[in-house]
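A quick write-up on the structure given underneath.
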There are 2 protein chains.
Amino acid sequence: MNQNVQSSFKALADPTRRSILMHLSKQDMTVQELTDNFDMTRAAVKKHLTILENGNLIKAHRQGRDRINSLDTLGMKSVTEWLNYFDQFWDERLDSLRTAIESHTTKSN
Amino acid sequence: MNQNVQSSFKALADPTRRSILMHLSKQDMTVQELTDNFDMTRAAVKKHLTILENGNLIKAHRQGRDRINSLDTLGMKSVTEWLNYFDQFWDERLDSLRTAIESHTTKSN
DNA sequence: TTGACAAGATACTATTTGGTATCGTATTGT
DNA sequence: ACAATACGATACCAAATAGTATCTTGTCAA
């Protein structure tokens, strides 16, 4: 579970991989189609795809000789959940700050 | 701006750094206090702090001979915004999926 | 004032990482 | 049947990364 979050964050830390996700958000694509959009070999793109798959950010299935890559929501969810902890924290901080300001202004009134 | 997102994602990709953020969410801490929570040297922790600072995930100020580290919302925001693009995408996918199912069931009725 | 403590900076090392080159296998279309 | 295409896997290389050790500077307290 925690390993899960780690592999998702790792996968998102590379600009090429984030760009792959952007492409896949528009349409499912084969390895070759994705490769056409980057200045690197198919092998390099395939490595990125494996890392994205390990992070549950994409999934893939074979269709004849093609590998169809598509987005997966699982990885995105675990990352978002991790970040949510801090959103909660920001809110608390803002709340206590607001409370402090209010009590201060009421005091000075 | 895009470099901004990159440095934030990079900073979040390390488990030690995410752990540091967790600690700082509970209270602001000096470099030494943080180091006490990890099995590594102060120099290593300081390197992580620099990376977190570059990713706008923490900020720091000197207080006497101490360096007080605290959370910064900027980095978290840029990451969340990047992810929001996909949340939007998920919703659309779910909507079109629901529409497809509905139109199918009405057809078969 | 001087010893102890907190931090900054840098040189160095081992491991990870992003990339290529290249091999083999399966599938397609003529 | 067979040439072309798509993919998987692996060996290899250069650069980035996470860590240590060590030296220096600034600050506190007795």
Among the listed residues B:ASN54, B:ASN84, B:ASN4, which satisfies the condition of being within 11 Å of DNA strand D (Cβ to nearest atom) and within 25 Å of A:GLY55 (Cβ to Cβ)? B:ASN54
Within region B:41-69, count every residue that is within 22 Å of the chain's Cα centre (by Cα) and either not in a helix (DSSP H, G or I) or not hydrophobic (A, V, I, L, M, F, W, C) (or both). 16
Got at least one residue in region A:65-78 being exposed (fewer than 15 other Cβ atoms within 10 Å of the Cβ), more than 14 Å from chain B (Cβ to nearest Cβ) and either among the hydrophobic types (A, V, I, L, M, F, W, C) or more than 15 Å from DNA strand C (Cβ to nearest atom) (or both)? no
How do the pairs read when you match residues in region B:53-75 that are of a type in the set (S, T, N, Q) with residues anywhere that are in a loop (DSSP other than H, G, I, E, B), using Cβ under 6 Å and keeping only pairs 6 or more apart or on different chains? B:ASN56/B:ASP72; B:SER70/B:ASP28
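Return yes or no: is B:SER78 modelled with pLDDT under 95 and under 23 Å from A:SER7 (Cα atoms)?
The answer is yes for B:SER78.
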Which residues, taken from region A:11-60, are among the acidic types (Asp, Glu) and either within 11 Å of DNA strand C (Cβ to nearest atom) or within 20 Å of B:ASP87 (Cα to Cα) (or both)? A:ASP14, A:ASP28, A:ASP39, A:GLU53
For region A:1-27, enumerate the residues that are in a helix (DSSP H, G or I), touching a residue at least 12 places away in the same chain (Cβ under 8 Å), of a type outside the set (A, V, I, L, M, F, W, C) and out of contact with any strand residue (DSSP E or B) (no Cβ under 7 Å at 6 or more places or on another chain). A:ASN4, A:SER7, A:SER8, A:LYS10, A:THR16, A:ARG17, A:SER19
Search result, residues across region A:19-41 that are charged (D, E, K, R) and within 13 Å of A:ASP72 (Cα to Cα): A:ASP28
From the options B:SER25, B:SER8, residue that is buried (at least 18 other Cβ atoms within 10 Å of the Cβ) and either within 10 Å of another protein chain (Cβ to nearest Cβ) or in contact with a Pro (Cβ under 8 Å, 6 or more places away or on another chain) (or both): B:SER8
Taking A:THR30 as the residue in question, decide whether it is free of Cβ contacts under 8 Å to residues at least 24 places away in the same chain and among the β-branched types (Val, Ile, Thr). no
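The values are calculated or read from the model by the stated rules, or taken from the named source; none is laboratory data. A quick note: this is a predicted structure, and the numbers were derived from the prediction, not measured. All Cβ positions, glycine included, derive from the backbone under ideal geometry; neighbour counts span all protein chains shown.
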